[in-house]
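The values are calculated or read from the model by the stated rules, or taken from the named source; none is laboratory data. Values in this document were obtained by computation on a predicted structure and should not be read as measured data. For neighbour counting, all protein chains shown are included, and Cβ atoms are generated from backbone atoms with ideal geometry for every residue, glycine included. Calculation scope for accessible area: heavy atoms of the full protein, side chains included, ligands and nucleic acids excluded. Shrake-Rupley method; radii C 1.70, N 1.55, O 1.52, S 1.80 Å.
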Amino acid sequence: MSARGCSRVACGDAAVSTLTYVYADSMAVLGPLSGRPEPHGYDLCERHAQSLSAPQGWQVVRYSSTL
């Protein structure tokens with residue numbers, strides 16, 4: 001798998017997480033980097049994944065690949 005960059009503008013760091021939105025449930029879901037680029041997902045570096053926030057009334061769900 002080739003390295004993918006962070007989706008945030010002007011960020012050149014490597015992506016470590018993939019963010020997807022579930023609009024029907026007002027939810028932002030952040031998980032491990034997907035195996036391939038997803039058309040409706042956003043790949044984020046560690047810094048942007050840690051600082052992620054969602055609009056008021058939305059829930060952020062974070063999945064970790066570590067136990």
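Near the amide H of residue 7, within less than 5 Å, lie the amide hydrogens of 43, 44, 45, all on another chain or at least 5 residues away, with H placed in the peptide plane.
Annotation: amide H-H contacts under 5 Å for residue 54 (H modelled 1.01 Å from N, sequence separation of 5 or more, or interchain): none. Three principal axis extents describe the C-alpha atoms of the chain; from largest down they are 35, 29, 24 Å.
When the chain is fully extended, how far beyond the present Cα-Cα distance does residue 13 get from residue 34, taking 0.36 nm per residue of separation? Could you put the intermediate results ahead of the total?
Values: separation 21, 0.36 × 21 = 7.56 nm, distance 1.63 nm.
Taking residue 13 through residue 34 to full extension adds about 5.9 nm, to one decimal.
The DSSP beta bridges internal to the chain are antiparallel in roughly 70% of cases.
Could you order 4, 62, 47 by accessible surface area, starting with the largest, using a probe radius of 1.4 Å?
The most accessible residue leads, giving 47, 62, 4.
Annotation for residue 60 and residue 24: the two label points, set 7 Å from Cα along the Cα-Cβ direction, are 2.5 nm apart.
Mean separation of Cα pairs under 8 Å and 6 or more residues apart, divided by the residue count, gives the chain a relative contact order of 34 percent.
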